[in-house]
Amino acid sequence: MPAIGRNRCVQAGKYLPKAVLLLAAAFVSACTDTPNGSATLNQPDGMVISPPEFLNARAIVQGNLDARVLVEIDGVDYPATRTSATASPWVGQVFVPEGSDPRLKITWVETGVPELPVSLQGELPLAVYDRNIGQAITVNQSVEIETGEYQTSTSDANPLPQLDTDSDGASNLEERQAGSRPGDAADIPPSVLILYTDRAPVIDGRYDSLWGQAQFLDQQRESLKIEKVVLDDGVVQDGEDRNFRWAAMHDGEFLYVLVFAEQGPQQSPQGDSPELFFEDDSVDIYWDGNNSKGASYDGFDDYHVITALLGSDGGENQSSQPATSRMQFGDRSAPIDPAAIRFGVCLCQGDQQIYEFRIDLNAGRIPTDTTFGFEININNDVDGGIRDAKWAWFNDTGVDDTWRFPLKMGNVRLEAPPQ
């Protein structure tokens, strides 16, 4: 659920010695000494409504934002009339009887949204404001607006089912921000929306500036840390943060993944397990193309790839080139052509372990239009022989079992390429 800030802005109406009153209020995304908006009464353009700032999201088409505004009095609706065609702010007017007790209702919608029920005509409700304005309006009327008063999801305490069109438990706003389809209950929002890029990084195990375009945060704006301990043979200290993390981007043809693993002069990476790469410092990548999340690998689109840092010769760089390749598949993984996965890893300057991957979307059955399962693990071998610790990005059970159960993967989605 996106965080919603609070704005406290005041806009006034004026008393009119007539039988009607123009009810006006300004809704702004930021407050200053001079509120953004106007309240010219008993004239066109008397109501000015700016969309709340949480609707300024990459996935929402800003030019398609519109407001549905009405005043309810004793069960009778008085719809506001829009007087300006400008997309933002919304400008209009509404007249209500003098002495009435009005209730103001605003629904922000995005128009032109595909794959919605026919009854919605492509119009998706995103946020609702519903408030009693006052009693017997006959004098100057102040209206205090708080952004936090907008409701963006339905709840038992305040049911607004129109804010969850497909009744899947995720609000329309959450689904639009996450890139999933709000009219499809089977299309769930991901934890991470991986951004599109039209430029491809060099896969050599070294960080370059192009990775600045990648997604380093989840939908809650939290870093994609690989910090959940799933195996420990006495090497993990309580409360430590090794700053293991991952990032990704895609270009519609390939998924690019970057992993920052162990760093610092205290590390002692080993490359002495030629048969089982996971026993050395290495990275596991798991994905489930159709997000079926079964209790076993289905042999079709559930994959597990293991890539080790160092070879037995102790060389600093490993890659997908045949002479230096240290990549193998989990014994339950669906088959895939090794050429579909290109990688480069580096123990750069003897200090930082970096892993870069390029995965062919078509060969890996990774969709660009729906959520799929995904997980990354880091293995740590301190002193040779078997590994000593393992961390996961998503699996928080404390058990190393994603290699057995696809259902332990998280939810990830690729941002749709531009049309």
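A few notes on this one:
- Only listed residue being small (G, A, S), surrounded by fewer than 20 Cβ atoms within 10 Å (Cβ to Cβ) and under 14 Å from F329 (Cβ atoms), chosen from G299, G294: G299
- One residue alone among I336, I359, I306 is farther than 16 Å from F260 by Cβ and touching a Ser or Thr at 6+ places or on another chain (Cβ under 7 Å), and that residue is I306.
- Some residue of the range 37-47 being modelled with pLDDT under 85 and not in a loop (DSSP other than H, G, I, E, B): yes
- The selection criterion, being at pLDDT 95 or above and surrounded by fewer than 22 Cβ atoms within 10 Å (Cβ to Cβ), holds for A340.
- Where strands (runs of 3 or more DSSP E) fall entirely within the range 64-153, those with at least 3 residues that are modelled with pLDDT of 90 or more, closer than 19 Å to G183 by Cα and aliphatic (A, V, I, L, M) are at 124-132.
- Scanning the range 168-184 finds no residues that are part of a strand (DSSP E or B) and either more than 25 Å from P125 (Cβ to Cβ) or hydroxyl-bearing (S, T, Y) (or both).
- Qualifying residues in the range 380-413 (those that are within 20 Å of D301 (Cα to Cα) and out of contact with any Asp or Glu (no Cβ under 8 Å at 6 or more places or on another chain)) - the one surrounded by the fewest Cβ atoms within 10 Å (Cβ to Cβ): D401
The values are calculated or read from the model by the stated rules, or taken from the named source; none is laboratory data. What you see is a predicted model; the values in this text were computed from it and never measured. Because the Cβ atoms are built from the backbone with ideal geometry, glycine has one as well, and the counts that use them run over all protein chains shown.
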